[in-house]
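Novice: Structure provided below as structure tokens; questions to follow.
The values are calculated or read from the model by the stated rules, or taken from the named source; none is laboratory data. Treat the numbers as computed from the prediction; the structure is a model and nothing was measured. When we count neighbours, we look across all protein chains shown, and the Cβ atoms used for this are built from the backbone with ideal geometry, even at glycine. Calculation scope for accessible area: heavy atoms of the full protein, side chains included, ligands and nucleic acids excluded. Shrake-Rupley method; radii C 1.70, N 1.55, O 1.52, S 1.80 Å.
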Amino acid sequence: KQEVTQIPAALSVPEGENLVLNCSFTDSAIYNLQWFRQDPGKGLTSLLLIQSSQREQTSGRLNASLDKSSGRSTLYIAASQPGDSATYLCAVNPPGGAGNNRKLIWGLGTSLAVNP
Amino acid sequence: EPEVTQTPSHQVTQMGQEVILRCVPISNHLYFYWYRQILGQKVEFLVSFYNNEISEKSEIFDDQFSVERPDGSNFTLKIRSTKLEDSAMYFCASKRGNEQFFGPGTRLTVL
């Protein structure tokens, strides 16, 4: 059964720092992996999607990497800002499922606070 | 930019009552999902829907739950007789290619 773990559970950094959030998954046979942002009491905003055949994806100050064989992904945030404060969730598409209709399996998230 | 919408944003109900949570997926998407997130816990998959039928459902999605796409635009989740443990944030998502797009969620509070 696929399990997704995110470390650390919480992180507090000063503004301007570069930081790395970690995600690990137990079954390396994934279809893709998505990183999301969740603000308190709010919805889920997709940040980056990495297909299983890709090694990394970049969007602005965000860079996500994927090492499928070791069951790991990292989200790198450059030059962090107070507006980056949120919970960051990692979710994988496990193998199986009907055709292209794949569900997401989620980590618990990393709660990030960027202090001015 | 097209987005998934959900109504209501917050629903308060008494235990045993029926609730219907509504979602309008992105218009050209083909796959639809409901997830839920109990406070402090992981987001959990409930059900996926494609071609007007359920593709997959989790153990959580028992006989008290049902989904419908009544008119080609709305996608609803019905809970027939709510329990205290159904209190959670419910998220709708839709997909056409590989990426799932989520609505803002409905916070359900069962008293």
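Novice: When only residues in the stretch B:1-26 that are open to solvent by less than 40 Å² (accessible area, probe 1.4 Å), part of a strand (DSSP E or B) and within 15 Å of B:Thr76 (Cα to Cα) count, which is nearest to the other protein chains (Cβ to nearest Cβ)?
Specialist: Among those residues, the one meeting the criterion is B:Gln6.
Novice: Look at the stretch A:6-49 and say how many of its residues are among the β-branched types (Val, Ile, Thr), more than 10 Å from every other protein chain (Cβ to nearest Cβ) and assigned to a strand (DSSP E or B).
Specialist: Selection size over the stretch A:6-49: 3.
Novice: All but one of (1) more than 8 Å from every other protein chain (Cβ to nearest Cβ); (2) open to solvent by less than 40 Å² (accessible area, probe 1.4 Å); (3) outside any loop (DSSP other than H, G, I, E, B) hold for B:His29; state the number of the condition that does not hold.
Specialist: Against the list (1) more than 8 Å from every other protein chain (Cβ to nearest Cβ); (2) open to solvent by less than 40 Å² (accessible area, probe 1.4 Å); (3) outside any loop (DSSP other than H, G, I, E, B), B:His29 comes up short only on (3).
Novice: Shifting gears a bit: All but one of (1) in contact with a His (Cβ under 9 Å, 6 or more places away or on another chain); (2) without any contact (Cβ under 8 Å) to a residue 24 or more places away in the chain hold for B:Val4; which doesn't?
Specialist: Going through (1) in contact with a His (Cβ under 9 Å, 6 or more places away or on another chain); (2) without any contact (Cβ under 8 Å) to a residue 24 or more places away in the chain one by one, B:Val4 breaks only (2).
Novice: Which condition number in (1) farther than 23 Å from A:Asn93 by Cα; (2) modelled with pLDDT under 95; (3) not in a loop (DSSP other than H, G, I, E, B) is the one that B:Glu56 fails?
Specialist: Answer for B:Glu56: the failing condition is (1).
Novice: For the stretch B:77-111: of the residues being touching a Gly at 6+ places or on another chain (Cβ under 6 Å) and either among the aromatic types (Phe, Trp, Tyr) or in a strand (DSSP E or B) (or both), which is nearest to the other protein chains (Cβ to nearest Cβ)?
Specialist: B:Phe102
Novice: Look at the stretch A:50-70 and say how many of its residues are outside any loop (DSSP other than H, G, I, E, B) and within 14 Å of another protein chain (Cβ to nearest Cβ).
Specialist: The number of residues fulfilling the criteria is 6.
Novice: Which numbered condition trips up A:Thr45, out of (1) surrounded by 15 or more Cβ atoms within 10 Å (Cβ to Cβ); (2) modelled with pLDDT of 95 or more?
Specialist: That leaves (2) as the condition not met.
Novice: Within the set of pairs 6+ apart or on separate chains, which have a first residue in the stretch B:76-87 that is closer than 18 Å to B:Val24 by Cα and open to solvent by 50 Å² or more (accessible area, probe 1.4 Å), a second that is among the aromatic types (Phe, Trp, Tyr) and modelled with pLDDT of 95 or more, and C-beta atoms under 8 Å apart?
Specialist: Within 8 Å, the pairs are B:Lys78/B:Phe65.
Novice: Mind telling me which of the residues B:Tyr33, B:Tyr50 ends up being over 22 Å from B:Ser81 (Cβ atoms) and at pLDDT below 95?
Specialist: Within the list B:Tyr33, B:Tyr50, the selection yields B:Tyr50.
Novice: Looking at (1) open to solvent by less than 50 Å² (accessible area, probe 1.4 Å); (2) within 12 Å of chain B (Cβ to nearest Cβ); (3) touching a Phe, Trp or Tyr at 6+ places or on another chain (Cβ under 7 Å), which one does A:Leu112 not meet, given that it meets all the others?
Specialist: (2)
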